[in-house]
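Here's the structure, in structure tokens; my notes come after.
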Amino acid sequence: MQTDFSVDYRAECGRCLHCAKPHCALSCPIGNAIPQILRLAGNGGEQTAVQLVGHPFGEICGYVCPRDRFCQGGCVLSKRGGIAIGSVEKEIFARYPYKVARAGNAAEGRRVAVVGGGASGLTFAVKMYEQNASVTVYEPNGLLSTLKLIPDFRLPAQALSRVEAQLKGVFQLVEKRVLREDIPLLCSQYDAVYLATGATRPYGLDIDGEENATPYAVFLSKTRHCSLLGKHVTVVGGGNTAMDCARLAVRSGAKATVLYRRQRADMPAFVGEISAAEEEGVQFVFNVVPVLLQRDGRLKLTLAKTYSEGRGKLTVTDSVYHVDCDVVVAAAGASADKDLVALAEKSGVYTGGDVKGGKTVAEAVADGLRAAKALTEKFAKKVK
């Protein structure tokens, strides 16, 4: 089978030392039994290994997780390069997709609502379906819409398609945005509700002329289908999304510069993503913030120099200068709807993913698994 990433995964599995105290597993937000998974996958038990992982997002995690911080970083062999755990995960999930099937009856006759069609919400939906619940997912923007913004060079579209294929028949999809006032109604209509709407409120630049900037979601969705030859793209932000925007700009023929208000060591982006951007020609300017954006033919961005103390105190100085560019991308991150989350938690709704502060797919999946386990145990007790 042709896959997006080719690795001799059985050879990698054979390198595992099967430590008595597996730091790889302890470093995984999901708590995957990694040595056992590697043993199975290395000895012809790939499908059993995938099912042991317990969710459909293994290939996605293999592509986008910060492995140096998680499983591979925890491996005792990490100083010697470590075991390519993420690569094994990509390969076996691509070859042997997770099989969603009814596996218990703890939630039989129960109706469960999931608000949000991302990794966390869909993980929860799968696990509750497996316990025989009737699941409805509320998502206005299409399933996995946030993950689909990640450029193909970091997350191939085929990997997402494979996940979607496993979800057929698992739930009913309602293309509706759930508002705060809808929460009490959902709680009255369903036996349980899981809120995993993600970070839906992008941070703006908060400067005069901000309307001349391009939101990161618009830039990512449009740029993959067009050329930016000769353009100068300036990206404001220091997270993975900013790196995606800058790398996509370079691959589209533009010169790309990332502006970050603090020092390089303080950037929230994964180290590997920053290094990849640098290797591809992205330029970085640190300790600057935009204070004005004007359009006069091209864009003129006024920047103020800053003084920062780690991720703490930030001082904006009076020292300013101007740069000309063709596109300014606002990629300073996003936050959850705190009022929606507060109301949900007050109403006894389960929450997970970015609404709880998780920043990775693995953490989102882990939240979905934990919530599903807790709800399954709650339903099981009521049956007894």
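Among the residues of segment 68-99, count how many are outside any helix (DSSP H, G or I), touching a residue at least 40 places away in the same chain (Cβ under 8 Å) and either of a type outside the set (D, E, K, R) or farther than 20 Å from Gly368 by Cα (or both).
Going through segment 68-99, the residues outside any helix (DSSP H, G or I) turn out to be 68-70, 75-77, 81-84, 96-99.
After this cut, where a residue has to be touching a residue at least 40 places away in the same chain (Cβ under 8 Å) as well, the list is 68-70, 75-77, 83-84, 96-99.
Next, from what is left, pick out any that are either of a type outside the set (D, E, K, R) or farther than 20 Å from Gly368 by Cα (or both): 68-70, 75-77, 83-84, 96-98.
Residues in segment 68-99 being outside any helix (DSSP H, G or I), touching a residue at least 40 places away in the same chain (Cβ under 8 Å) and either of a type outside the set (D, E, K, R) or farther than 20 Å from Gly368 by Cα (or both): 11 in total.
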Worksheet item: Which one is surrounded by the fewest Cβ atoms within 10 Å (Cβ to Cβ) among residues in segment 31-82 that are more than 27 Å from Ala157 (Cα to Cα) and of a type in the set (S, T, N, Q)?
Response: Asn43
Worksheet item: Consider Val112 against the criteria (1) farther than 23 Å from Ala11 by Cβ; (2) surrounded by fewer than 20 Cβ atoms within 10 Å (Cβ to Cβ): it satisfies all of them except one. Which criterion is unmet?
Response: (2)
Discussion item. Out of the helices (runs of 4 or more DSSP H) lying entirely within segment 1-56, which hold 1 or more residues that are modelled with pLDDT of 95 or more and within 21 Å of Val100 (Cα to Cα)?
Written reply: 34-42, 46-53
Worksheet item: Can you list the helices (runs of 4 or more DSSP H) found entirely within segment 109-221 that contain at least 2 residues being under 22 Å from the mean Cα position of the chain (by Cα) and in contact (Cβ under 8 Å) with a residue 12 or more places away in the chain?
Response: 119-130, 157-166
Worksheet entry | Any hit, segment 208-216, residues being assigned by TED's automatic domain parsing to the domain that holds Glu273 and touching a Ser or Thr at 6+ places or on another chain (Cβ under 6 Å) | yes
Worksheet item: Mind checking whether some residue in segment 262-272 is in the same structural domain as Ile207 (by TED's automatic domain parsing), closer than 14 Å to Ala331 by Cα and small (Gly, Ala, Ser)?
Response: yes
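Just checking, how many residues over segment 51-85 are of a type in the set (Lys, Arg) and either under 17 Å from the mean Cα position of the chain (by Cα) or closer than 17 Å to Ser275 by Cα (or both)? Step through it out loud before you land on a result.
Initial filter on segment 51-85 (of a type in the set (Lys, Arg)): 67, 69, 79-80.
From what's left, either under 17 Å from the mean Cα position of the chain (by Cα) or closer than 17 Å to Ser275 by Cα (or both): 67, 69.
Number of matching residues: 2.
Does at least one position in segment 134-142 carry a residue that is within 30 Å of Ala246 (Cβ to Cβ) and in contact with a strand residue (DSSP E or B) (Cβ under 7 Å, 6 or more places away or on another chain)? Lay out the reasoning, then the answer.
We begin by selecting, within segment 134-142, every residue within 30 Å of Ala246 (Cβ to Cβ); these are 139-142.
Next, from what is left, pick out any that are in contact with a strand residue (DSSP E or B) (Cβ under 7 Å, 6 or more places away or on another chain): 139.
For segment 134-142, residues within 30 Å of Ala246 (Cβ to Cβ) and in contact with a strand residue (DSSP E or B) (Cβ under 7 Å, 6 or more places away or on another chain): present.
The values are calculated or read from the model by the stated rules, or taken from the named source; none is laboratory data. Predicted, not measured: the structure shown is a model, and the values here were computed from it. Methodologically, a virtual Cβ is constructed for each residue, glycine included, from the backbone with ideal geometry; neighbour enumeration extends over all protein chains shown.
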